[in-house]
1. Rounded to the nearest 10 Å², what accessible area does A:R481 have for a 1.4 Å probe in the complete protein model?
2. In square angstrom and rounded to 100, what buried accessible area do you get between chains B and A, total over both, with the probe at 1.4 Å?
3. Let me have the 222 nm mean residue ellipticity of chain A computed from DSSP H runs of 4+ only, each contributing -39500 (n - 2.57), with the sum over all residues rounded to the nearest 500.
4. To the nearest 10 degrees, how steep is helix B:247-260 against the longest Cα principal axis of chain B, on a 0 to 90 scale?
5. Amide H neighbours of A:T287 under 5 Å, counting only residues 5+ apart in sequence or on other chains, H built in-plane at 1.01 Å?
6. Need one number: % antiparallel among DSSP beta bridges in the protein assembly as shown, to the nearest 5.
7. By the scheme Lys and Arg +1, Asp and Glu -1, what is the net charge of all other residues having a beta-carbon under 12 Å from that of B:L345?
8. Just the number please: accessible area per residue for segment B:77-352, 1.4 Å probe, all protein chains included, in Å².
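The values are calculated or read from the model by the stated rules, or taken from the named source; none is laboratory data. On a predicted model such as this, the values are computed, not experimentally measured, just so you know. Virtual Cβ from ideal backbone geometry, glycine too; neighbours counted across all protein chains shown. Protein only, heavy atoms only, side chains kept; ligands, DNA and RNA dropped before computing areas. Shrake-Rupley method; radii C 1.70, N 1.55, O 1.52, S 1.80 Å.
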Amino acid sequence: MTRVGRLRRITGPIAEVALEAPVGVMEAVFVGDAHLAAEVISLDGDRATLQIYEETAGLRPGEPVEGTGAPLSVTIAPGIVGATVDGIQRPLGVGDAGPYLVPGATSTDAERAWPFTPTVAVGDAVDGGAVVGTVPETPSVTFSVLVPPDAKGTVTSVAPAGDVRHDDVVAQVRTDAGDERDVTVAQRWPVRTPRPFAARLEADRPMITGQRVLDTFFPIARGGSASLPGPFGAGKTVLQHSLAKGSDADVIVYVGCGERGNEMAQVLREFPELEDPRTGRPLMDRTILVANTSNMPVAAREASIYTGVTLAEAYRDMGHHVALMADSTSRWAEALREIAGRLEEMPAEEGYPAYLPSRLAAFYERAGRVTTLAGAEGSVTLIGAVSPPGGDFTEPVTQHTQRFTRAFWALDRDLASARHYPAVRWQGSYSFYEDAVAPWWREATGVDWRDLRRRAGDLLEEDARLERMVRLVGAEALPDRQRWALLLADLLKEGVLRQNALHPIDASCAPAKQVRLVRLVVELYEAGLEAIRSGVAWLRLREAVDVAALGRLKEAVPDDESERIDDARDDAVAAVAAVRRAAEAARAEREGVAT
Amino acid sequence: MIDVVGVDRIDGPLLVVEGFAGAAYGEVVEVTAPTGTHLGEVLSTGTDAAIIEVWGDTTGLRTEDVAVRFRGETLRLGVGPASLGRVFDGLGRPRDGLPAPPAAVTADVHGAALDPAARAYPSDVIRTGVSAIDAMNTLVRGQKLPIFSAAGLPHDALATQIALQAGGGEDEDVAVVFAALGIAHDVAAGFRERFEGSGLAGRTALFLNLADDPPMERIVTPRAALTLAEHLAFEAGRHVLVILTDMTNYAEALRELSARKNEVPGRKGYPGYLYTDLASLYERCGRIRGRPGSLTQIPILTMPGDDVTHPIPDLTGYVTEGQIVLSRALHRAGIYPPVDVPASLSRLMKDGIGEGATRADHAEVAAQTFAAYARLRDVRSLATILGENALSATDRTYLAFGEAFESGLLAQDPEEARDLDTTLDLAWAALSHLPASELGRVSEATLAAHYGGGHGAGAGHGGGAGHGGAGDAT
């Protein structure tokens, strides 16, 4: 590290430097005697402007600034999964510094030994991105040491199986250009540069989240992107936590971006205890936490989503399916706005800088299901929560995020105040992945999923139409057919769409159980309509079927016994059919008497 | 310390000292003029000039005879258990005529960000004795739960009641730190009298920036109060309850200062960093792993125009762990406390309540009550269109539920501390007006244990089939 200049002016997280030696734009630098992490954001002759990732109180003009020669980067190394880091990847919750953050702290994880197993031999030809060996990072996640993307060549040495540390060279590659390149366990990658891959694949396999309203009605594909806007109290964070717990991804990156400290404390308390539904291991064994809470420095909040997505890409390149949840991207956008304001940039909509949409687009484009450089399949799925001011979805962050994501899960204040969670509004939410994932569902469940969804969607449409009428004339005035529709739509909402994140059985729901629950409602509804057409009063149907009990099946029947739902469906449909036959027989008798 | 005499520019609360390169960012300054001494802070510092924000009234200052002393450190406050029982001004200086209390430590009023991984997740329930909170929006130690109110509503009475009933009694570990932000003298006096009358006075510290005190001081007042609260909670192991009122006045002072600085305004003229600034206060709250104390915050804000989407309540709601919303309609109906149940929320309730902590049926009865109350709103709006007589029998049971809930559970005397069993039984009494088939959020077992135990579960409502009665048949 070399001194590149001295501070000229300090205003909050922004500082101006009088340069004595050249620095690059976006170069990572360290500021002052306290060695605060910072990044060069613009250059103007012999002056550079920095954003500083730490509390700047106490900095004085004239203090030195040191350059690093590289852009802001993350370290990709074993020890990341299961750990908690801040927005620029410094470890949290470690050391004896006490409970408060100390400016200038650095990472100390490099000394730990990891068991390494080589997967290449001397003389092998390797491409950039090829795996040279693996480390069991946690019982759930295998870390692969990769050849740097630009180091295609021939292996000239490889470490034997045994303990390695972050800085150890585990292989050497002679590149085609004749350079000798070291492959170390820990490698650096600039956070604002997407990592390369061989090819994009179609996103046609759903990422099962365990949330019925999402998987069944608004699915997200592996490698897809979704936005999750909602006013405060609508349950964004609880839903993001549920997704982090229940999703069938290999690695979860959870970015707490400008949100509450206690929420991070909750994740740290729960995740080591909760079981990963796929492996039976603690959830923390597949989770990376990036926590830059609202009271932590604002510039590091801006960096936190890049840190998160770069780590996600790194695990994708090892052949894992990674899901990243960012809560909340609005706080990231506000950090962008705050820094732009301090730089006195010309504001665009609502004070946000004009480059907000392009930054959002670039972030969500880092989602994808890909063939890695090593030829494996991996994916990054991005789910961004949005916190629109006043719950107004027309504000810039919600609007632009909606443009760049393919699934839109709108949370609703009214549903939330009725404590209908997840409060995903079924009218207004959408997913462009429906058609792409339909074949997978058909294959996995043996049911014509597309048709089932359509029938359930029709019932919800009918319900929405009727609710408007009910508000004007009361339910009493409606014909039997419509009373039945209201009753069964309630069952669909209570028994399928609403899901209790705190219930041991209901918190997450397997695809087969989802399909069975939806099928129960749809087929019961249709059987009832047929009976009503035969002259049966809807009240007779309600007496024949215990609808409230059907609504509790989701909590009563675990995933691995979900065929019991089919039994309940058969019983209910049979009961309705019996009422219908009795009515038809009675009518036939009356008509018989009449003739 | 460095002294400079004479400044180059005075613009409202901002002073510019040109040609001075020795200021540290954020350091505290004393600004002395013939009219008196104010404190302030360095907003921006460079090799050519320093810009200072003054927490006080700059009226009458003259550029040539202002003396500025740079103290070389950020604003620090001496705090300790001896601060309890005392009254301070908005900057933490004694206001009761006594000398400054002996300090256990001096701490930076801006605090330091707590490592989120060092936090303990709050889950110990505080019994406030207020049914609307204990049953439906349970408060836990270490939570920040604001009261969203509006002009003319009894937020002060409710905050006092919570403080006295949660903090009064025998629990000597409890302390109250009260920060008045631009409120009227009589309101502050009212709080003070009730604290003194309760025997809690010796465990209360007051930081007063009243309506006629300098608005710029208001930027520091909550920080000073929280500095004491953090010390009491995390160093001295006390359970501290902090009341900040009125946060709307605080945010307006921040807006005024931002406008003076010619910053790009965000919504309604508030600065773009209002969220971050509010978070820097509200996040000074919680529990720390391995330490016994807790810091619980009850900020009060009055919503301008009763508008919950106004930036102050909106951004507060995004930081805090829920909100207690007061309803003008309930207030007009004579119900105290007028808590708007569907709009209120306690995010930390779910992990605090239940068997062992409150009662096994608590989560279910609360969920069912919220659902029933949401339906009640629809039924009431239908009743205003069609008249009650046109409602179905089931819908009419909702009206009975609403009446029993609002007058039975919600309403109570400002002096009454209701125990939790009574509160939950009142919720069941109200729910028992509904047919059992309407109670889909309660398990069969819970239903069997509690349903109909009270009054009101009339004949014909108890069974599965046949409920609703003939009124449903059209």
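1. That residue has around 120 Å² of solvent-accessible surface.
2. Interface area, both chains combined: 6500 Å², rounded to the nearest 100.
3. -10500 deg cm²/dmol, from helical runs alone.
4. Between the helix axis and the principal axis of chain B, the angle is about 40 degrees.
5. Sorted by chain and number, the residues that satisfy this are A:G82, A:I252.
6. Counting DSSP beta bridges with both partners in the protein assembly as shown, the antiparallel share is about 65 percent.
7. Taking every other residue near B:L345 into account, the sum is +2.
8. That works out to 29 Å² for each residue.
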